[in-house]
Amino acid sequence: MAIQTIPTQPITGQRPGTSGLRKKVSTFLQPLYLENFVQALFDVLNHTTPDGQGLAGQTLVLGGDGRYHNRAAVQTILRLAAANGVARVLLGQGGILSTPAVSAVIRRHKAFGGIVLSASHNPGGPEGDFGIKYNAGNGGPANETLTQAVYARTLTISAIRTTDTPDIGMNQLGTQQVEQMQVEVIDPVADYAAVMRELFDFELIRSMFKNGFTMRMDTMWAVGGPYAKAILEGELGAPAGTVVNGEPLEDFGGLHPDPNPVNAEELIAHMRGAASPDFGAATDGDADRNMVVGRDFVVSPSDSLAVMTARATQIPGYHAGLAGVARSMPTSAAVDRVAKALGIECFETPTGWKFFGNLLDAGRVTLCGEESYGTGSDHVREKDGLWAVLFWLNLQGATGRSVESLVREHWQTYGRNIYSRHDYEGIPVDVANALMADLRAALPGLQGQYFGKRHIVTADDFSYTDPVDHSVSSGQGVRLIFNDGARVVFRLSGTGTEGATLRLYLERYESDTTLQDGPVQYALAELVALADAVAGIRARTGMAIPTVMT
Ligand code: G16
């Protein structure tokens, strides 16, 4: 067995998107595709970390969501890690670690960083998607400086360092060697569960289940299954069968593991009618996203963040109050109203969990969330699906109130930010780029323009200056903000693997409680028409309606 240097050539297109490098499995199966990217990452980590401390001699965490190619990729990465001087790898058993669990393990073991193998909510299987993402020592996704450096390195790379050691066994807990490197196969749930125990009132939740509280937790045949089973059914005493679709499958059962009312329609159907469970929830492919559902009532992610913020002090882990909150720009401003009432800071960041990292590290925010079904706190540096579910469980126990009554009371107190996202998927890339370019060019003329009774007070392309390190991220989405607070936002997704996806985010505020309850799409119809008038979506894409509306 020996360390080898293999010559290679740059492969184009390895630029990380919103959350790491996501591509079709077939792309990752190309010779040296994964090796090139991982070597580029290791080269950057060995030479350009801010403190000058390289990767050699350090501990890395490694695991993924169990999708197709997860296990093979683990073996490849272990060989490269050993040849690049890594001293120790903490590997989730079976190659499995949910995204929030990677973050928890990095933090609890003070590791140098970690690698997450996941394409999140994207479908899996041989025809599906695969992905790889690096998380830094704070447990959070690498910042843009690092991901840009890795991309730049992929364009100049000429050699890969690896070994010819055989595959290691990853199913048994314990320590093995790859060359000089120790591989410790760890329980994927233990560290994560310990963090949850510190934050929530497990006694209270246990008593809820004991007294007949019913729940349906749909983990969508993905990696959330083992975590939900161990914590909800194992520790908290929820009856067996509370967790459904709980076996992580390489292809997620051929489904799309994205917890929204469209893709988790089975859960929505089970939550209809008086005989349905008290509480429903779902998590996604890598268990960082969540959807919360009451009986006959779906909670929008933006509302979820706002309610959690308003009631955080009712949860043991947040009893002392919140330092501040943050939301991504396209997320509704519902949480801003709560922050104002609480007198705490509220930050608006670009889309991508990585933008919350500095604010969390600096202690400026405690909770953060996104419209894309992500919520989290300073307990890790990723959004965290099961954490959000436990938060809502604890909240129902602490208040004795249902999900629906908690949200309705919230609307009465703060008003409702009526919100929807329309996705136009699979658009030719040049059509999508031209649409955005024309919108950007039209911005100066849109400023001040009237549309019926409304007029635009801000027409811009969102740019963010990080309050901590002052880095600037521009071109983050076109915003049309109206005099009454209504808003239309256009941006292209950075997580897709086929064509382009245009996301149209629509929002308006309704303080009149008698007008808060109508169908959301009806309430936003004027804004939809306006967005089409401005951007010509239907004419340019040839699509009469969006492919997904959430
Ligand atoms: C990732 C990011 C999120 C982002 C989402 C959607 O989530 O971590 O911050 O909101 O993608 O991004 P886009 O609109 O660019 O597709 P995940 O769960 O896919 O890792």
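For the reader, a short list of remarks on this structure follows.
- Put simply, when 27-33, 293-299, 303-309 are sorted by average Cβ atoms within 10 angstrom per residue, most first, you get 303-309, 293-299, 27-33.
- Here the chain is treated with +1 on each Lys and Arg Cβ and -1 on each Asp and Glu Cβ, and its dipole about the Cα centre works out to around 480 debye.
- Here is the P(r) of the chain: all C-alpha pair distances, binned every 20 Å from 0, give 22, 56, 21, 1 in whole percents.
- Remark: region 192-414 is approximated by an ellipsoid whose semi-axes, taken from the C-alpha gyration tensor as √(5λ), come to 25, 19, 17 Å, largest first.
- Ellipticity estimate at 222 nm from DSSP helix runs (n ≥ 4, -39,500 (n - 2.57)) divided over the chain, nearest 500: -9000 deg cm²/dmol
- Measuring between alpha carbons in the structure, the pairs from K24/K133; K210/K383; K340/K453; K229/K354; K110/K383; K110/K229 lying more than 25 angstrom apart are K210/K383; K340/K453; K229/K354; K110/K229.
- Dipole of the chain computed with +1 at Lys/Arg Cβ and -1 at Asp/Glu Cβ about the Cα centre; of P141, H256, F279, farthest Cα towards the positive end is P141.
- Put a dot 7 Å past the Cα of D296, heading toward its Cβ, do the same for A2, and the two dots end up 7.4 nm apart.
- Magnitude of the charge dipole, region 416-549, Cβ model with Lys/Arg +1 and Asp/Glu -1, debye to 20: 260
- The mean sequence separation of alpha-carbon pairs under 8 Å and at least six residues apart, normalised by the residue count of the chain, gives a relative contact order of 13 percent.
- Size of electric dipole in region 358-433: Cβ of Lys, Arg +1 and of Asp, Glu -1, about Cα centre, debye, nearest 20: 380
- Surface per residue (accessible, 1.4 Å probe) for the chain, Å²: 37
- Counting every alpha-carbon pair across region 3-187, the share separated by more than 30 Å comes to 8%.
- For region 411-439, backbone nitrogen atoms closer than 20 Å to the point 7 Å from Q516 Cα along Cα-to-C-beta are found at 411-421.
- Burial ranking of peptide ranges 103-110, 385-392, 420-427 (average Cβ count within 10 Å, highest at the top): 385-392, 103-110, 420-427
- Rounded D (µm²/s) - region 474-519, Kirkwood Rh over Cα pairs, Stokes-Einstein at 4 °C, 1.567 mPa s: 101
- Solvent-accessible area, 1.4 Å probe, carbon plus sulfur percent, for the chain: 51
- Percent of Cα pairs exceeding the 21 Å cut-off, where the set is region 416-549: 44
- Residue-span extension gain [R440 to A87] - 0.36 nm each, minus C-alpha spacing: 122.2 nm
- In this structure, K210 and Q314 have a Cβ-Cβ separation that, at R0 = 22 Å, corresponds to a calculated FRET efficiency of about 0.60.
- Placing dummy labels 7 Å off each Cα toward the beta-carbon, the span from D430 to N171 is 5.1 nm.
The values are calculated or read from the model by the stated rules, or taken from the named source; none is laboratory data. If you're wondering where the values come from, they're calculated on a predicted model, not measured in any experiment. Methodologically, a virtual Cβ is constructed for each residue, glycine included, from the backbone with ideal geometry; neighbour enumeration extends over all protein chains shown. Surface accessibility is based on the protein's heavy atoms, side chains included, excluding ligands, DNA and RNA. Shrake-Rupley method; radii C 1.70, N 1.55, O 1.52, S 1.80 Å.
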